[in-house]
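Everything on this sheet refers to the single structure shown next.
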Amino acid sequence: MCGIVGYIGKKNTKEILLDGLKELEYRGYDSAGIAILEDGNFHNFKAVGKLVNLEEKTKDFTTDKFAVGIGHTRWATHGKPTELNAHPHLGESSYVVHNGIIENYVSLKKALIEDGVRFLSQTDTEVIVHQFEKNLKTMQSAFEAFFQTIKELQGAYAILLVTKSEPDTIFFAKHGSPMILGINSEEEKYFASSDTPLIGHCSDVNYFEDGDYGYVSPNEIVLFDKNNNTKGVQFSKLSTNRLSAQKDGFRFFMEKEIYEQSDVIADTLMGRLGIQNILFEELDKALFEGIDEIKLCACGTSYHSALSASYLFERYAKIKTTVEIASEFRYRSPIMTKDTLFIVISQSGETADTLETLKMAKEAGLKTLVICNVDNSSMVRLADASILTRAGIEKGVASTKAFATQVCVFWMLSLYIAEIKNSLSSEEIAAQITLLREVPGHVKVSDAMHERIKRLSKRYLHGHGFFFIGRDIFYPLALEGALKLKEISYLHAEGYPSGEMKHGPIALADPELFTIALLPQHLLYEKSKSNVEELSARDSTICAISALEFDKADDYIPISACRDYMLEFFEMMVVVQLLSLEISIRLGNDVDMPRNLAKSVTVE
Ligand code: F6R
């Protein structure tokens with residue numbers, strides 16, 4: 001998804017902007033650009049594709065004195081990924097970068113064209129700079145013109161604008177898309193759409209709120225809130241750790257992140273497991289008072305972890321649980337009652353659809369909780385309460401360790417609620433906690449298993465489709481396995497409940513239909529097995545993942561003998577992740593940055 005950086009200072013502005021954009025690369029993009037205003041002149045560079053293309057274009061350009069600069073990585077929404085559509089967008093003497101969507105751009109553009117403005121791009125963003133310049137002609141100052149412009153915009157945005165009429169200033173506005181300001185003792189000012197580009201450069205950061213706007217120059221930070229009142233900047237310390245993960249010898253970040261799962265799950269559990277109870281210091285038990293139902297809302301992989309949670313919540317906490325896809329929920333006039341705890345799940349905490357459902361729940365007066373991986377993200381700041389998953393930065397676009405830690409949090413939360421609701425005895429909770437402690441050991445990747453999957457993957461590079469099938473909580477895992485494969489191999493894959501295959505999809509069964517069967521020993525084993533036998537009898541190619549060898553399968557990936565189905569869940573999770581990884585690598589794809597995908601989807 002799009003990324004923004006900005007800089008005011010005397011260092012090498014070009015390098016700072018390019019380095020910042022590199023830190024945002026993992027979010028996914030298809031073009032990039034920078035604009036630098038130095039000595040009253042603009043220098044602008046844009047390139048389609050990876051940042052190396054932009055680096056190549058800027059290689060003969062340097063900045064070594066005071067300058068202001070803005071940069072952007074674009075993930076195409078309005079208009080194709082071309083150089084003309086890449087940001088920053090130029091007016092007559094100003095440049096703008098923008099994340100989000102300007103919903104009323106068509107009417108603004110029409111009026112501007114009638115006024116004689118010539119548009120170069122197909123983007124919604126370009127209206128911002130022209131509208132600003134139109135306003136500048138009739139207003140006293142650039143800031144007045146900027147303020148008037150954002151008043152005229154509808155939609156979601158994080159905007160940085162630079163103009164020749166105020167050559168040492170960056171104008172900014174935030175509404176629905178993230179934006180951060182960073183400072184340091186060298187009196188430099190940095191902007192970015194997430195923390196990562198600022199680490200190592202800034203000591204303190206301010207997270208803008210929706211509706212914030214203003215301007216920053218070397219000596220001034222002027223900030224207004226959504227009601228147009230001046231407000232103080234709230235700086236907090238930024239971590240000095242260079243969180244920017246390196247691959248540490250792994251071929252891809254996704255592979256590294258699969259291997260990291262044991263450690264990050266240990267972090268997720270740390271300090272939260274008592275002997276007979278779960279300790280969520282971040283939660284107040286009052287959050288659950290008067291609650292008879294839980295509604296979970298998320299997108300993509302986070303939606304799959306939410307589906308997994310619904311099995312755990314109903315089984316252990318005995319609380320009615322429903323799960324919703326955020327993009328559906330927000331437009332279907334849902335009924336929201338105050339006895340419902342509304343939980344959103346998001347790795348990034350910025351996904352536009354999920355964020356919107358959180359706002360809807362808050363407006364309806366529901367209690368809200370977010371399960372999130374990014375502290376200070378928009379969702380964490382908005383929800384009544386939050387539980388952080390502690391997965392660390394996830395760079396691979398295909399989510400792995402975030403999913404693993406989300407499911408762990410949900411497992412703990414189901415026990416936490418079970419204690420409140422008295423639905424499990426202390427002994428039963430203690431037994432579950434003992435299982436939870438074993439999870440890190442079960443997600444360790446063994447050389448033998450990885451090698452087996454690597455070899456086996458060569459048999460799954462073609463065919464007319466994959467079905468990942470499972471029952472109960474293994475159904476969401478099947479959905480997740482299929483999503484992983486789709487995302488990085490571009491092969492068609494579906495997740496299906498095993499028992500549902502005979503109601504239609506079995507018509508597809510033939511040797512070119514690959515069935516990845518999740519066969520846990522400790523949950524509905526016989527039932528799942530007979531569903532797989534039905535497919536095997538119709539000559540579908542079966543790859544069974546199980547602790548028990550299955551003679552009707554063409555291929556078999558063993559997991560270790562576990563003493564509970566949830567431990568089998570985590571073992572199988574690693575297997576489906578690695579299978580997708582190895583198939584994708586064999587197909588020669590860019591595992592970490594799959595085509596058409598973005599890490600954080602901040603547009604709807
Ligand atoms: C899949 C994936 C996406 C995200 C989805 C929600 O590998 O990464 O499906 O899970 O876009 O993102 P978050 O969790 O950041 O809200």
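Within the range 237-345, which GluC sites (Glu not before Pro) sit in a loop by DSSP and count at most 15 neighbouring Cβ atoms inside 10 Å?
In loop regions of the range 237-345 (DSSP not H, G, I, E or B), the sparsely surrounded GluC sites (Glu not before Pro) are Glu281, Glu282, Glu289.
Take the solvent-accessible surface of the protein heavy atoms, probe 1.4 Å, and return the percent of it on the chain that carbon and sulfur atoms account for.
It is 48 percent, rounded to a whole number.
Tell me, what is the 1.4 Å probe accessible area of Lys110, in Å² to the nearest 10?
Rounded to the nearest 10, the figure is 130 Å².
Rounded to the nearest 5, what % of the DSSP beta bridges within the chain are antiparallel ones?
Restricted to the chain, the bridges split so that about 60 percent are antiparallel.
Expressed as an acute angle from 0 to 90° and rounded to the nearest 10, what is the orientation of the C-alpha long axis of helix 401-421 relative to the principal long axis of the chain?
That helix lies at roughly 70 degrees to the long axis.
With the Cα gyration tensor of the range 261-442 giving a ≥ b ≥ c as the square roots of its eigenvalues, does the rule (a/c under 1.5 for rounded; else a/b larger than b/c for prolate; else oblate) give rounded, prolate or oblate?
oblate
Rank these by accessible area, largest first, 1.4 Å probe: Arg74, Arg459, Arg390.
Result, largest first: Arg459, Arg390, Arg74.
Would you work out which of Pro218, Ser310, His464 lies farthest towards the positive end of the dipole of the chain, given +1 charges on the beta-carbon of Lys and Arg and -1 on that of Asp and Glu, about the Cα centre?
Positive-end residue among those listed: His464.
Compute the relative contact order of the range 445-586 as a whole-number percentage, counting only Cα pairs closer than 8 Å that sit 6 or more residues apart in sequence.
28 percent
Label the range 3-246 by shape, choosing from rounded, prolate and oblate, from the square roots a ≥ b ≥ c of the eigenvalues of the Cα gyration tensor; if a/c is under 1.5 it is rounded, and otherwise prolate applies when a/b is larger than b/c, oblate when it is not.
Rounded, since a/c falls under 1.5.
Would you tell me the accessible area of Lys10, worked out with a 1.4 angstrom probe on the heavy atoms of the protein chains, in Å² to the nearest 10?
For Lys10, the solvent-accessible surface is approximately 150 Å².
Just in the range 1-110: which chymotrypsin sites (Phe, Trp or Tyr not before Pro) are loop by DSSP and have at most 16 other Cβ atoms within 10 Å?
Answer in residue order: Phe61, Phe66.
Placing unit charges on C-beta atoms (Lys and Arg positive, Asp and Glu negative, everything else neutral), compute the dipole magnitude of the chain about its Cα centre in debye, rounded to 20.
460 debye
Which one, Ser141, Phe403, Leu51, projects farthest toward the positive side of the charge dipole computed for the chain from Cβ point charges (K/R +1, D/E -1)?
About the Cα centre, the residue reaching furthest to the positive side is Leu51.
How many nm separate the modelled label positions at Asp284 and Asp551, each set 7 Å beyond the Cα in the direction of the Cβ?
With each label point 7 Å from Cα toward Cβ, the separation is 6.2 nm.
Do the sum for the chain: with -39,500 (n - 2.57) for every DSSP H run of n ≥ 4, divided by all residues, what is the mean residue ellipticity at 222 nm, to the nearest 500 deg cm²/dmol?
-10500 deg cm²/dmol
Under the rule a/c < 1.5 gives rounded, and otherwise a/b versus b/c splits prolate from oblate, where does the range 428-524 land using the Cα gyration tensor?
Verdict is oblate for the range 428-524.
In Å², what does the accessible area per residue of the range 445-586 work out to with a 1.4 Å probe?
36 Å²
For the chain, take the longest principal axis of its alpha carbons; what is the angle in degrees between that and the long axis of helix 474-489, to the nearest 10 within 0 to 90?
50 degrees
Taking the Cα centre of the range 491-578 as origin, work out the dipole magnitude from +1 charges on Lys and Arg Cβ and -1 charges on Asp and Glu Cβ, in debye rounded to 20.
220 debye
Rounding to the nearest 10 and keeping the result within 0 to 90°, find how far the Cα-based axis of helix 426-442 lies from the longest principal axis of the chain.
On a 0 to 90 degree scale, this one is about 70.
With the contact rule set at Cα under 8 Å and sequence spacing of 6 or more, what percent relative contact order holds for the range 261-442?
31 percent
Using Cα pairs under 8 angstrom and six or more residues apart, how large is the relative contact order of the chain, in percent?
Once normalised by length, the contact order is 11 percent.
The values are calculated or read from the model by the stated rules, or taken from the named source; none is laboratory data. Note that the structure is predicted; figures quoted are calculated from it, not measured. Backbone-built Cβ (ideal geometry, glycine too); neighbour counts: all protein chains shown. The accessibility values were calculated without ligands, DNA or RNA, using every heavy atom of the protein model including side chains. Shrake-Rupley method; radii C 1.70, N 1.55, O 1.52, S 1.80 Å.
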